[in-house]
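One structure below.
The values are calculated or read from the model by the stated rules, or taken from the named source; none is laboratory data. Please read all numbers here as calculations on a predicted model, not as lab measurements. Cβ sites come from the backbone with ideal geometry, for glycine too, and all protein chains shown count toward neighbours. For accessibility, only protein heavy atoms count, side chains too; no ligands or nucleic acids. Shrake-Rupley method; radii C 1.70, N 1.55, O 1.52, S 1.80 Å.
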Amino acid sequence: MDQILVRGGRPLSGTIPIAGAKNACLTLMPATLLSEEPLTLTNAPRLSDIATMTQLLASLGAEVASLQSGQVLALSSHAITNHTADYDIVRKMRASILVLGPMLAREGHAVVSLPGGCAIGARPVDLHLKALEAMGAELDLRDGYVHAKASGGLKGAVVAFPFVSVGATENALMAATLAKGTTVLKNAAREPEIVDLAQCLRKMGAHIEGEGTSTITIEGVDRLGGATHPVVTDRIELGTYMLAPAICGGEVELLGGRLNLVGAFVAKLDEAGIDVSETPRGLKVARRNGRVNAVNVVTEPFPGFPTDLQAQMMALLCTADGVSVLEERIFENRFMHAPELTRMGAKIDVHGGTATVTGVERLRGAPVMATDLRASVSLILAGLAAEGETVVSRVYHLDRGYERVEEKLRAVGADIERVQA
Ligand code: EPZ
């Protein structure tokens with residue numbers, strides 16, 4: 001298994017291109033199941049999760065061609081020849097559950113494996129299922145699979161989510177585009193990835209209003225057509241790389257970055273003493289002084305501070321001047337990066353969903369273990385600032401969500417390489 005070696009202490013300078021959003025692409029791709037016409041996605045990220053979604057869609061009978069070295073995905077599901085999403089694929093990637101709504105809406109039946117939990121939490125899909133039941137689906141959970149039927153098709157309904165769920169909003173939104181009548185999603189997720197999905201579905205002929213707000217209204221149509229759609233910039237990759245110059249000094253321009261993707265995050269960076277400015281090509285980021293200020297962070301659904309940037313922010317705060325408190329309100333077990341950062345000399349106390357970080361002058365390089373996607377990149381960031389060498393193992397977690405991380409960081413001056421372990 002590959003490892004990534006980082007030798008810290010070098011300030012960064014230059015530009016980093018930001019790719020299309022993994023979490024937008026993973027919901028845009030299943031949208032192909034809603035239509036017999038071709039769907040072309042441009043600005044697609046080249047990630048192992050995209051390959052997994054490709055494998056899943058192909059197993060259902062869709063065709064997915066990866067063009068221009070993966071930056072363009074040409075999808076078409078002229079006919080769905082298999083209506084079962086197998087556990088052996090679904091267990092590798094939870095976003096697989098997003099084939100349920102589209103397949104049920106178009107075909108009237110679907111069998112999808114329940115995704116297992118994952119490192120950061122149990123991550124049930126009850127909200128996805130309740131939304132589809134409200135739209136008339138009959139669901140039977142057995143042998144670890146959801147057996148879903150909608151004889152006569154789905155019907156429009158009012159779906160009030162008890163709390164915000166990105167995936168459940170996406171599944172319900174896609175299903176509602178072909179339901180008979182009007183669907184209203186209340187307490188819907190407002191993430192940019194939802195807005196991106198709605199804009200793509202609208203190009204395919206869907207009638208949608210309100211995306212980006214807590215209430216989305218969809219008028220069902222009989223069929224959808226094809227579309228060509230650019231995947232929105234990845235705000236989590238953007239935020240991750242904004243923290244690189246913040247943590248080890250220098251100035252970096254993130255190509256494709258826009259402030260409206262990272263509002264709450266930028267406000268926190270400003271509080272910590274990091275300057276962010278918009279340029280014609282993206283965002284420029286530099287640390288104001290030699291050491292960042294301690295800040296408190298609470299993760300919330302968009303437009304709040306993203307849970308997917310909590311681990312990376314903790315890496316920055318490990319060397320802040322003072323004590324920071326991070327409250328993780330979205331997932332029940334998302335501090336697994338803390339013990340690894342502690343191996344590098346960080347002072348972190350975790351109690352339930354709250355982590356208290358007492359800043360230290362300098363971290364020290366050490367062998368550390370990646371546990372989940374965002375935790376692994378927080379260890380890379382910590383390594384950029386640490387004295388000596390950090391060896392990150394199990395980097396396959398990283399490759400799920402970050403294109404060529406060592407190449408992008410080396411291009412701005414980091415001493416980083418990938419080795420075969
Ligand atoms: C999406 O996951 C993202 N994944 C996650 O990114 C992200 O952390 C999360 O949204 C929150 O922003 C993709 O888009 C592929 P949720 P999702 O439904 O949809 C609970 C990454 O690192 N919940 O908004 O699964 C759930 O357990 C990944 O790129 C239920 O209880 O997140 C969690 O505690 C990690 N029942 C909370 O709600 C449900 O039916 C929010 O989950 C659904 C969710």
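Local charge for residue 52 was computed over the other residues whose Cβ lies under 9 Å away, with Lys and Arg +1 and Asp and Glu -1, and equals +1.
Once the Cα-Cα distance is subtracted from the 0.36 nm per residue extended length, the residue 109 to residue 258 segment shows a gain of 49.6 nm.
Considered as an equivalent ellipsoid built on the Cα gyration tensor, the chain has semi-axes of 38, 21, 20 Å, the largest given first. By a 1.4 Å probe calculation restricted to protein chains, residue 118 has an accessible surface near 50 Å², given to the nearest 10. The residues of the chain expose on average 37 square angstrom of accessible surface per residue, using a 1.4 Å probe on protein heavy atoms. In units of the compact-protein estimate 2.2 N^0.38 Å, segment 1-134 shows a Cα radius of gyration of 1.22. Can you work out the FRET efficiency for the pair residue 419 and residue 81, with r the C-beta to C-beta distance and R0 = 51 Å, to the nearest 0.05? For residue 419 and residue 81, the calculated efficiency is 0.75. Here is the tail figure for segment 90-177: Cα pairs spaced more than 15 Å apart come to 53 percent of all pairs.
Only beta bridges with both residues in the chain are counted; by DSSP, about 70 percent of them are antiparallel. For segment 347-414, the set of GluC sites (Glu not before Pro) satisfying both a DSSP loop assignment and a count of at most 16 other C-beta atoms within 10 Å is given as 361.
With a cut-off of 9 Å between beta carbons, the residues surrounding residue 93 carry a summed charge of +3, where Lys and Arg count +1 and Asp and Glu -1. If both residues of a DSSP beta bridge must be in segment 340-421, then about 55% of such bridges are antiparallel. Using Cβ point charges alone (K and R +1, D and E -1), the dipole size of the chain about the Cα centre works out to roughly 300 debye. Solvent-accessible surface (1.4 Å probe) assigned to residue 270 amounts to roughly 90 Å². Positive-end ranking of 292, 396, 95 along the dipole of the chain, with charges on Cβ about the Cα centre, is headed by 292. In plain terms, the chain from residue 126 to residue 138 could stretch by 2.9 nm, reckoned as 0.36 nm per residue minus the Cα-Cα distance. A straight chain from residue 228 to residue 289 at 0.36 nm per residue would run longer than the Cα-Cα distance by 17.5 nm. The fraction of all Cα pairs in segment 172-292 landing in successive 10 Å bins from 0 to the largest distance is 13, 34, 23, 19, 10, 2, given as whole percents.
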